[in-house]
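*Asks:* This structure is in structure tokens; I'll ask about it shortly.
Please treat every number below as a calculation from the coordinates, not as lab data. On a predicted model such as this, the values are computed, not experimentally measured, just so you know. Neighbour counts are summed over all protein chains in view; Cβ atoms, including those assigned to glycine, are modelled from backbone coordinates with ideal geometry.
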Amino acid sequence: MLLGPPVVSFLTWLLYLLGLRFKSRARLEAENLALREQVIVLSRKFSARGRLRNLNRLIFVWLYRLFPSLRDSIVIVEPETLLRWHRRGFKAYWRWKSWRRWGRPRVNGEVRSLIRRMSRENPTWGAPRIHGELLMLGIRVAESTVGKYMVRRRRPPSQGWKTFLRNETLGIASIDLFVVRTISFKLLYGLVILRHARRRVVRIGVTENPTAEWIANQVTDAFPWDEAPQHLLRDRDRAYGSAYSRRIHAMRIRDHPTAPRSPWQNGHVERLIGSIRRECLDHVIVFGEAHLRQVLKKYASYYNEVRTHLSLSKDAPTYRRVEAVGDVIGLPILGGLHH
């Protein structure tokens, strides 16, 4: 026999009344509170769908923790949604509880900047190499910390073009002749040999007749046999004859004449000759060969040991020492032309 809807409703209501006798008073109050919260949520008219707030979620989760059986009484949300809220609150609680208020101090900002600078200026260094340098500076950090603050690169580490070119200049030198007029309108020839690595003048000579043999002897005096450069740049002056070529070949130096009418290809030594003229010879009247040799010798000493160079980070070719203690006095050079 089938039962009609009124009979089913009556039986459901009857079973509910019977169940109330077996429920505790605390559970009944919790169920009433849960139903009240649902009514509050549904009474909001912000949208067609009830909008829950964090406080409502917290109340539902709290009631679920006290009485898990209330999950069947909540109808505005799915049971899985309630469980998801509970798991999310559990994670937030333990994240807050495990947050370290004390422990290892943070790395100083200067140390972080130093790690990034060392990593940026030394692209081929790894974390162990930088960590070792920091230990030598008295900075105690973990190697993992160094790896954390290193510069991230998309490509494999590579040296810069400036570093590559500076390393190539270690084996390059240049040579050139220039003309000087004396007080009697006589022409003298000066010769300079320059090492490109530190812009250091290794030889300076004076003669009336620059023959190939004389130039070859100047090259031999400038470079010991175990310190000769691999490449020597020069222009296409006819003074560089066969004797010069044989001597260069015997010293295992590759001769590199520049292209015709291309002084820019030997720009380092051309720049040196320009400095000699602007800073020395344009302010001196040369009396003779001995006088010119003495003046150029003093200027070469000033150029190598005292004069600062922009290409050397404002340092001298022979590494001028910084003197920060004492009085500042002026020492005349070239008769007071420089101090």
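*Asks:* Report the calculated FRET efficiency for Asp255 and Arg181 (r = Cβ-Cβ distance, R0 = 41 Å), to the nearest 0.05. Before the final figure, lay out the partial values.
*Replies:* Working: r = 30 Å, r/R0 = 0.73.
My answer for the efficiency is 0.85.
*Asks:* Report Rg/Rh for the stretch 109-158, rounded to two decimals, where Rg is the Cα radius of gyration and Rh the Kirkwood radius.
*Replies:* Details: Rg = 10.1 Å, Rh = 10.8 Å.
Value, to two decimals: 0.94.
*Asks:* OK, next. What is the packing order of peptides 294-303, 281-290, taking the mean over residues of other C-beta atoms within 10 Å and listing the highest first?
*Replies:* On the way: 294-303: 18.7, 281-290: 13.8.
Ranking the peptides 294-303, 281-290 by packing returns 294-303, 281-290.
*Asks:* Net charge near Leu135: determine it from the other residues with C-beta under 14 Å of the C-beta of Leu135, scoring Lys and Arg +1 and Asp and Glu -1. List each step's numbers first, then the result.
*Replies:* Numbers: positive: Arg129, Arg140; negative: Glu133, Glu143.
Around Leu135, the surrounding residues sum to 0.
*Asks:* How far apart, in nm, are two points set 7 Å out from the Cα along the Cα-to-Cβ line at Lys298 and at Trp264?
*Replies:* 3.7 nm
*Asks:* Also, quick follow-up: In 5 Å bins starting at 0, how do the alpha-carbon pair distances of the stretch 169-312 split up by percent?
*Replies:* Each 5 Å bin holds this share of Cα pairs: 2, 9, 20, 23, 21, 15, 8, 2, 0.
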